[in-house]
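K.L.:
Dumping the structure here so I can ask a few things about it.
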Amino acid sequence: MAIVLVTGSAGAVGQPVCQELGRRGYTVRGLDRVPTPGVDEQVVGDIANTDVVQQAIQGADALIHLAAQPVDADFSVLLGPNVIGLYNVMNAAREAALRRVVLASSIQVLWRAHRKSRPARVDEAAPGNHYALTKLWAEEMGAMYSRRYDLSVIAVRIAWLVRNPDEAAHMQRCQRFELYLSANDAGRLFACAVEAEGIDFAVVYAASVDGARAFDLEPARRLLGYTPRDRWPDGLGFDPPAETQS
Ligand SMILES: NC(=O)c1ccc[n+]([C@@H]2O[C@H](COP(=O)([O-])OP(=O)(O)OC[C@H]3O[C@@H](n4cnc5c(N)ncnc54)[C@H](O)[C@@H]3O)[C@@H](O)[C@H]2O)c1
């Protein structure tokens with residue numbers, strides 16, 4: 001069965017993605033700075049190191065690139081994973097002529113105050129911080145590698161995949177349920193993105209059911225066959241805050 005390389009495999013998005021790929025019968029190879037539980041194969045190392053990336057990509061058929069500094073930070077922190085690491089991973093994917101590359105982007109690519117349409121469209125972008133700028137850079141690099149090198153690339157604007165109990169309590173307080181992406185829905189969307197046929201380049205939003213109020217989920221449905229199933233706090237992957245439990 002096909003080998004899917006997942007960078008950032010040990011993270012909050014990476015783990016449910018690896019689990020869903022495993023359920024679908026793929027051989028899952030993780031690449032992360034820290035060990036990833038439950039994958040078939042793994043490389044532990046830094047994506048800013050070209051040798052590590054070259055080693056990890058050998059024999060892979062498809063790539064899901066999640067490894068990143070996942071929130072805004074000083075540019076010196078973003079530079080290694082989100083700029084140099086992205087470049088290393090995309091170049092290796094091009095040289096290996098992978099069948100599909102799926103990139104983690106973010107809803108932050110379109111800063112909230114600058115969302116002109118509701119639901120927000122995939123052709124809108126207006127980053128509000130340096131992290132979001134690196135995600136727009138990822139989208140544009142994907143588009144360029146598709147245009148110039150015939151690599152098939154899907155950039156996924158991930159909503160809020162709540163990572164841990166502290167973030168869950170925050171979500172519960174702020175009630176921004178239209179931003180919610182469950183771990184289960186994320187796993188299914190990324191697996192659909194590996195399997196979708198006939199795509200040169202696409203940008204899609206990834207959110208759970210209530211996300212349709214804020215983001216245009218139609219491209220993900222039409223191109224990937226993904227429809228969300230969960231509403232907060234379903235599919236969280238760990239126990240929700242006490243006040244949401246019945
Ligand atoms: N969780 C969300 O709500 C959310 C929203 C939008 C976008 N994203 C994006 O999704 C991706 C995954 O985010 P997450 O929430 O799982 O974050 P996370 O911090 O839980 O996981 C990121 C993983 O990447 C690994 N990593 C970081 N830098 C690395 C490097 N240089 N080399 C190798 N591994 C490295 C970390 O060890 C970690 O396991 C990121 O690209 C992030 O920007 C996440």
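Derivation of every value follows stated rules applied to the coordinates shown; laboratory data play no part. Only a predicted model underlies this, so the values are computations on that prediction, with no experimental measurement involved. All Cβ positions, glycine included, derive from the backbone under ideal geometry; neighbour counts span all protein chains shown.
K.L.:
Give the Kirkwood hydrodynamic radius (Å, one decimal) of segment 105-246, defined as one over the mean of 1/r across all pairs of different Cα atoms. Can you show the working numbers first?
P.N.:
Details: mean 1/r = 0.0642 Å⁻¹.
Kirkwood hydrodynamic radius for segment 105-246: 15.6 Å.
K.L.:
For the chain, what is the percent of antiparallel DSSP beta bridges, rounded to the nearest 5?
P.N.:
Numbers: 0 of 32 bridges.
Restricted to the chain, the bridges split so that about 0 percent are antiparallel.
K.L.:
Considering all projection directions equally, how large on average is the shadow of the alpha-carbon convex hull of segment 1-123, in square nanometres? All intermediate terms of the calculation are to be shown ahead of the outcome.
P.N.:
Numbers: hull surface 34.1 nm².
Orientation-averaged projected area of the Cα hull: 8.5 nm².
K.L.:
Additional query: Give me the dipole magnitude in Debye, nearest 20, for segment 143-246 about the Cα centre, with unit charges on the beta carbon: positive for Lys and Arg, negative for Asp and Glu.
P.N.:
Values: 12 positive and 15 negative charges, 50 e Å.
My answer is approximately 240 debye.
K.L.:
Of all trypsin sites (Lys or Arg not before Pro) in segment 201-243, which ones are in loop regions per DSSP and have a Cβ with at most 16 other Cβ atoms within 10 Å? All intermediate terms of the calculation are to be shown ahead of the outcome.
P.N.:
On the way: sites: ARG213, ARG221, ARG222, ARG229, ARG231; in loops: ARG229, ARG231.
For trypsin sites (Lys or Arg not before Pro) across segment 201-243 that sit outside H, G, I, E and B with at most 16 neighbouring Cβ atoms in 10 Å, the list reads ARG229, ARG231.
K.L.:
Just how far, in whole angstrom, is segment 56-113 from segment 167-229 if you go by their alpha carbon centroids?
P.N.:
What the calculation gives is 18 Å, centre to centre.
K.L.:
Okay, next question. Which length gain, in nm to one decimal place, applies between GLU167 and ARG222 when the Cα-Cα distance is subtracted from 0.36 nm times their residue separation?
P.N.:
On the way: separation 55, 0.36 × 55 = 19.80 nm, distance 3.09 nm.
Extending this stretch completely gives an extra 16.7 nm.
K.L.:
What do you get for the angle between helix 14-23 and the principal long axis of the chain? Use alpha-carbon atoms, 0 to 90 degrees, nearest ten.
P.N.:
It is inclined by approximately 70 degrees.
K.L.:
Let me check against my output: what whole-number percent is the relative contact order of segment 145-246, with C-alpha pairs under 8 Å and at least 6 apart? Walk me through the numbers before you get to the answer.
P.N.:
Numbers: 164 pairs, mean separation 34.9, N = 102.
Over segment 145-246, the number comes to 34 percent.
K.L.:
Got the relative contact order for the chain handy, in percent, Cα pairs under 8 Å and 6 or more residues apart? It would help to have the intermediate numbers written out before the result.
P.N.:
Details: 510 pairs, mean separation 43.4, N = 246.
Relative contact order of the chain: 18 percent.
K.L.:
With springs connecting C-alpha atoms under 10 Å apart, model the chain as a Gaussian network and identify which of GLY11, GLY59, GLY142 has the largest mean-square fluctuation.
P.N.:
GLY59
K.L.:
To continue, here is another question. What is the dipole size for the chain, taken about its Cα centre, with +1 at each Lys and Arg Cβ and -1 at each Asp and Glu Cβ, in debye to the nearest 20?
P.N.:
Details: 25 positive and 29 negative charges, 119 e Å.
With Lys and Arg at +1 and Asp and Glu at -1, about 580 debye.
K.L.:
Separate question: Say we join alpha carbon atoms closer than 10 Å with springs in a Gaussian network model of the chain; which of VAL28, VAL44, VAL194 then has the biggest fluctuation?
P.N.:
Between VAL28, VAL44, VAL194, it is VAL44 that shows the largest mean-square fluctuation.
K.L.:
Another question about this same structure. List, in order, the whole-Hz ³J(HN,Hα) value for each residue of segment 193-201 obtained from phi through the Karplus relation with A = 6.51, B = -1.76, C = 1.60 and θ = phi - 60°; use x for Gly and Pro.
P.N.:
Coupling constants for segment 193-201: 5, 5, 8, 4, 9, x, 10, 7, 8 Hz.
K.L.:
Which number do you get for Rg(Cα) / (2.2 N^0.38 Å) in the chain?
P.N.:
Output field value: 0.94.
K.L.:
With +1 on the Cβ of every Lys and Arg and -1 on the Cβ of every Asp and Glu, and nothing else charged, how large is the dipole of segment 129-182 about its Cα centre, in debye rounded to the nearest 20? Write down the numbers at each step before the final one.
P.N.:
Working: 7 positive and 6 negative charges, 9 e Å.
Around 40 debye, computed over segment 129-182.
K.L.:
Can you run phi through the Karplus equation (6.51, -1.76, 1.60; θ = phi - 60°) for segment 37-43 and list ³J(HN,Hα) in whole Hz, with x for Gly and Pro?
P.N.:
x, x, 8, 6, 9, 7, 10
K.L.:
Non-local amide H neighbours of LEU181 (under 5 Å, H modeled in plane, Pro and chain starts lacking H): which ones?
P.N.:
TRP160, LEU161, VAL162, SER208
K.L.:
Taking amide hydrogens as modeled 1.01 Å from N in the peptide plane, which residues meet the under 5 Å criterion relative to ALA120, leaving out close sequence neighbours?
P.N.:
HN-HN under 5 Å from ALA120: PHE215, ASP216.
K.L.:
If you line up the long axis of helix 130-149 against the longest principal axis of the chain, both from Cα atoms, how many degrees apart are they, to the nearest 10?
P.N.:
Approximately 50 degrees, to the nearest 10.
K.L.:
Pull up all non-local amide H partners of LEU31: gap of 5 or more, or a different chain, and H-to-H distance under 5 Å with H placed in the peptide plane.
P.N.:
Placed amide hydrogens put VAL6, THR7, GLY8, SER9, VAL43 under 5 Å from LEU31.
K.L.:
Explain nothing, just compute: Karplus ³J(HN,Hα) = 6.51 cos²θ - 1.76 cosθ + 1.60, θ = phi - 60°, for every residue of segment 96-106 in order, whole Hz, x for Gly and Pro.
P.N.:
7, 6, 5, 6, 7, 10, 10, 10, 7, 9, 8
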